[in-house]
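Heads up, the thing below is written out as structure tokens.
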2 protein chains.
Amino acid sequence: MGRWEPNARGRLAQAALTLYAEQGFEKTTAAEIAAHAGLTERTFFRHFADKREVLFYGTEMARDLLVRTVADSPAGATPVDVVGASLEALGTQLQENPERVRLRDAVVSANAELRERELAKLAALAEALAEALRGRGMSEPAARLAAETGIAVFKVAFARWMSEPGPADLPGIIRASTDELRKMLATRAAA
Amino acid sequence: MGRWEPNARGRLAQAALTLYAEQGFEKTTAAEIAAHAGLTERTFFRHFADKREVLFYGTEMARDLLVRTVADSPAGATPVDVVGASLEALGTQLQENPERVRLRDAVVSANAELRERELAKLAALAEALAEALRGRGMSEPAARLAAETGIAVFKVAFARWMSEPGPADLPGIIRASTDELRKMLATRAAA
């Protein structure tokens with residue numbers, strides 16, 4: 001495996017983001033990313049399947065965080081509370097480095113292929129969330145409904161957070177969006 | 001433009017679906033699809049950019065139907081009623097030819113690239129729905145929230161419809177899923 005490369009994954013991800021933002025995703029090669037991180041191209045491909053995947057470095061961690069938060073929720077918590085707590089945990093994590101999240105979002109938004117991959121990753125997060133809810137004894141289709149709706153609310157809240165010019169509270173925006181959805185659904189006209 | 005080809009788009013889409021189901025998406029060429037429909041390859045590419053796009057022939061019609069139903073909704077209708085009516089209209093249309101929808105779903109589900117494209121098309125439908133809601137004077141982020149949630153409910157309802165062994169009522173499943181989500185959101189624990 002060659003010499004020890006402390007936090008190679010994180011360094012490669014950071015280098016990729018810097019180069020993608022500076023010179024564009026299309027124009028950047030894996031070799032350049034590796035060089036920028038002070039690593040070899042071989043090391044790059046030991047950590048990532050391709051240069052798209054570097055941008056989704058965080059998705060695996062996001063999935064683990066969602067699943068763990070669902071599993072750790074108190075036994076009596078309602079599905080909405082459980083899903084809300086897991087999405088807010090993710091929001092809290094993203095908020096730790098808003099500039100990096102913003103840079104990544106700009107790179108992904110500028111490329112159709114990356115936007116498609118992003119949607120696939122969000123769908124996978126919804127799947128994992130549904131699976132974790134089933135693990136708590138929640139039945140179908142309630143688990144899938146709670147998970148898909150949760151990810152939909154997260155998408156809207158995230159976009160709103162990104163559109164704020166200054167610092168904004170992502171977990172707070174997630175809570176507010178959920179409240180807004182609850183009110184919207186409660187005020188339908190009588191059938 | 002050559003001779004008149006009555007309903008060439010529809011014939012190509014039907015031929016593609018038949019061949020994809022019989023011999024697989026990967027193994028089928030645009031030339032084979034054209035031949036099966038009694039048309040030339042040139043005609044194929046006049047109607048579709050590639051062999052993936054043939055499977056998304058219905059998405060444009062779906063978008064038009066959603067947008068038109070939103071625009072035609074009575075002035076006093078709530079956002080949930082408007083979104084519900086448009087999704088149920090789409091459900092009614094899909095239900096007209098359930099075997100074709102089932103065949104298409106099997107082809108798309110079996111291929112990762114097609115699943116990604118499907119997610120991109122669903123995201124585009126959510127965008128169009130949000131735009132139509134803004135056209136009715138609904139503000140952001142409510143419009144996006146209603147649209148994204150609507151598409152999330154539709155996805156779950158559609159999967160449930162597909163999993164039913166016999167004939168099932170898709171608009172009814174969409175309504176039931178919306179009701180279930182409403183109840184779920186109403187029964188959160190006190191903060």
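The values are calculated or read from the model by the stated rules, or taken from the named source; none is laboratory data. Everything numeric in this text was worked out from a predicted model, so none of it was measured. Backbone-built Cβ (ideal geometry, glycine too); neighbour counts: all protein chains shown. Surface accessibility is based on the protein's heavy atoms, side chains included, excluding ligands, DNA and RNA. Shrake-Rupley method; radii C 1.70, N 1.55, O 1.52, S 1.80 Å.
Points worth noting:
- The length gained on full extension between residue A:21 and residue A:105, counted as 0.36 nm times the residue separation minus their Cα-Cα distance, comes to 29.2 nm.
- Once the Cβ-Cβ distance of residue A:169 and residue B:40 is raised to the sixth power relative to R0 = 45 Å, the FRET efficiency obtained is 0.15.
- Cα-based reach from residue A:27 at 16 Å (exclusive), listing lysines while leaving out same-chain residues under 8 positions away: A:51
- Comparing mean-square fluctuations of B:16, B:126, B:49 from a GNM of chain B with C-alpha springs under 10 Å, the top value falls on B:49.
- Computed P(r) (all Cα pairs; the stretch A:58-190; 5 Å bins; percent): 2, 10, 20, 22, 21, 14, 8, 3, 1, 0
- Relative contact order %, the stretch B:58-190, counting alpha carbon pairs below 8 Å whose residues are six or more apart: 30
- Per-residue mean of C-beta atoms belonging to partner chains within 10 Å, peptide B:73-82: 3
- Distances in nm from residue B:106 to the matching label points in the other copies, shortest first (labels 7 Å along Cα to Cβ): 4.8
- Projecting 7 Å from Cα along the Cα-to-Cβ direction, the label point of residue A:52 sits 0.8 nm from its equivalents in the other copies, listed shortest first.
- Given a 1.4 Å probe and the protein chains as shown, residue B:45 ends up with an accessible area of around 100 Å².
- A simple spin-label model places pseudo-atoms 7 Å from Cα toward Cβ; at residue A:140 and residue A:176 they are separated by 3.7 nm.
- Note on the protein assembly as shown: Rg/Rh from Cα positions, Kirkwood definition for Rh, rounded to two decimals, is 0.99.
- Computed [θ] at 222 nm, helices only, for chain A once each DSSP H run of length n ≥ 4 contributes -39500 (n - 2.57): -24000 deg cm²/dmol
- Calculated over the stretch A:94-133: convex hull of Cα atoms, volume per residue (Å³): 57
- Excluding ligands, DNA and RNA, the accessible surface per residue across the protein assembly as shown is 49 Å² with a 1.4 Å probe.
- Sorted from nearest, the other copies put their residue A:75 label points 5.6 nm away, the label point being 7 Å from Cα in the direction of Cβ.
- Highest GNM mean-square fluctuation among B:58, B:150, B:84, for chain B modelled with Cα contacts below 10 Å: B:58.
- Each Lys and Arg contributes +1 and each Asp and Glu -1, all at the Cβ; summed about the Cα centre of the protein assembly as shown, the dipole is approximately 40 debye.
- Accessible area in the full protein assembly, largest first, 1.4 Å probe, for B:36, A:47: B:36, A:47
- Euclidean distance between Cα centres, the stretch B:123-191 to the stretch A:1-73, Å: 35
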